[in-house]
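*Asks:* My structure is below; once you've seen it, I'll send some questions.
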Amino acid sequence: MDRNIIEALLDRYLKGETSREENELVESWLEENNNPHSQWQHFNQNRKDQWLADVFGQVQDSIKANELKIVAMPQRKHLWRRIAAVAAVLAICFTLYLEWPALQNRLHPARLTALAVPLNQQKQITLADGSKVWINASSQLKYPQQFNGKTREVYLSGEAYFDIQHDASKPFIIHTGKIITTVLGTAFDIKEDKISHTIKVTVTRGKVRVANGNKQLGILTPNQQISFNLLDSKATQTEVDAKQAIAWQNELHFEDITFAEAASQLQQRFNVKINFSNDKVKNCRFTGTALKGEKLDKILKVICAFNNATYQTKADGSIIIDGFGCN
């Protein structure tokens, strides 16, 4: 096994891409080369990372000290085994040098800031790279204060609209449960619906790649959507009107519509369930506009006043609308 093959194997090993047989081979090398008490196979991931970091530190110290050590030649009958062991150590050191930034991130992960948006509200933030994110009600975004690694990664629970600054050298990755959305620079909406057990990714500009772990689900361009079912792990890609998917960000225009139709729009915008106690209230028609950024409570108070109705928020966050309704 020449050096290039060994280096490639160890590189894949550090990335977690090796097979069980390859893992056993690499770990046997590690056991033979300075691994304390030959207990590598019993270490958890943190202990393995720490041990690899210690080895790398020793290599750096040796390079700085510029020391040259003379090693006695082993007996010829064991020479081939010694050569393999030395090659393994050199390959490990070389790979550690290449993989040091990624290893540092695993040992000292960036602290994430969690922004949780309460029920009936929305938030907009600008990330360190200039990307903008609009976060819908009852959603949470976790993000680092700075993007120091080779990627820009955030974690979403709920719904948010992303407008990402282009950086071809540093992909932007959004983790939403098992779904991973990767972009370079584009605009799109991600919605995790815990009631219907789906995650939807809708693109308004550019191109994104959507994956379930390591399995690619599809590549989306404007006005395309992937809907992933969390229960059966099936994905459906369709053509959609992206403006409808991101309507929750904009002003709401109620043009001669029923209270029930208005409630449907409010449910999408504020990620809340709205029910009616009677059909008379549901069928009331009206016209009006809700400005961008207005809270649900204020919107409902105005609509209920138009339609001789009242509303109540239940303990689970859902809303019940009651009243005599229109004449």
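*Asks:* Can you tell me which residues in region 126-137 are out of contact with any helix residue (DSSP H, G or I) (no Cβ under 7 Å at 6 or more places or on another chain), within 15 Å of Ile190 (Cβ to Cβ) and open to solvent by 30 Å² or more (accessible area, probe 1.4 Å)?
*Replies:* Lys132
*Asks:* Six or more apart or on different chains, Cβ atoms under 6 Å: show the pairs whose first residue is in region 240-268 and within 23 Å of Gln124 (Cβ to Cβ) and touching a residue at least 40 places away in the same chain (Cβ under 8 Å) and whose second is part of a helix (DSSP H, G or I) and aromatic (Phe, Trp, Tyr).
*Replies:* Here the result reads none, with nothing in region 240-268 linked to a residue that is part of a helix (DSSP H, G or I) and aromatic (Phe, Trp, Tyr).
*Asks:* List every residue pair whose Cβ atoms sit under 7 Å apart, with the two residues 6 or more apart in sequence or on different chains, where the first one lies in region 191-205 and is surrounded by fewer than 24 Cβ atoms within 10 Å (Cβ to Cβ) and the second, anywhere, is among the polar types (S, T, N, Q) and assigned to a loop (DSSP other than H, G, I, E, B).
*Replies:* Arg205/Thr186
*Asks:* Trp134 is checked against (1) under 25 Å from Gln265 (Cβ atoms); (2) without any contact (Cβ under 8 Å) to a residue 60 or more places away in the chain and fails just one. What number does that condition carry?
*Replies:* Going through (1) under 25 Å from Gln265 (Cβ atoms); (2) without any contact (Cβ under 8 Å) to a residue 60 or more places away in the chain one by one, Trp134 breaks only (2).
*Asks:* While we're here: Do we have Ala160 as in contact with a Leu (Cβ under 8 Å, 6 or more places away or on another chain) and surrounded by fewer than 16 Cβ atoms within 10 Å (Cβ to Cβ) here?
*Replies:* For Ala160, the condition - in contact with a Leu (Cβ under 8 Å, 6 or more places away or on another chain) and surrounded by fewer than 16 Cβ atoms within 10 Å (Cβ to Cβ) - is not met.
*Asks:* I would also like to ask the following. What number of residues within region 269-298 satisfy the criterion of being open to solvent by less than 10 Å² (accessible area, probe 1.4 Å) and closer than 28 Å to Lys243 by Cα?
*Replies:* The total comes to 5.
*Asks:* Among the residues of region 218-250, what is the count of those that are of a type outside the set (Ser, Thr, Tyr) and under 15 Å from Ile180 (Cα atoms)?
*Replies:* 10
The values are calculated or read from the model by the stated rules, or taken from the named source; none is laboratory data. Just so it is clear, the structure is predicted and the values come from calculations on it, not from any experiment. Heads up, the Cβs are rebuilt from the backbone with ideal geometry, glycines too, and the neighbour counts pull from every protein chain shown. With ligands, DNA and RNA removed, areas are computed over all heavy atoms of the protein, side chains included. Shrake-Rupley method; radii C 1.70, N 1.55, O 1.52, S 1.80 Å.
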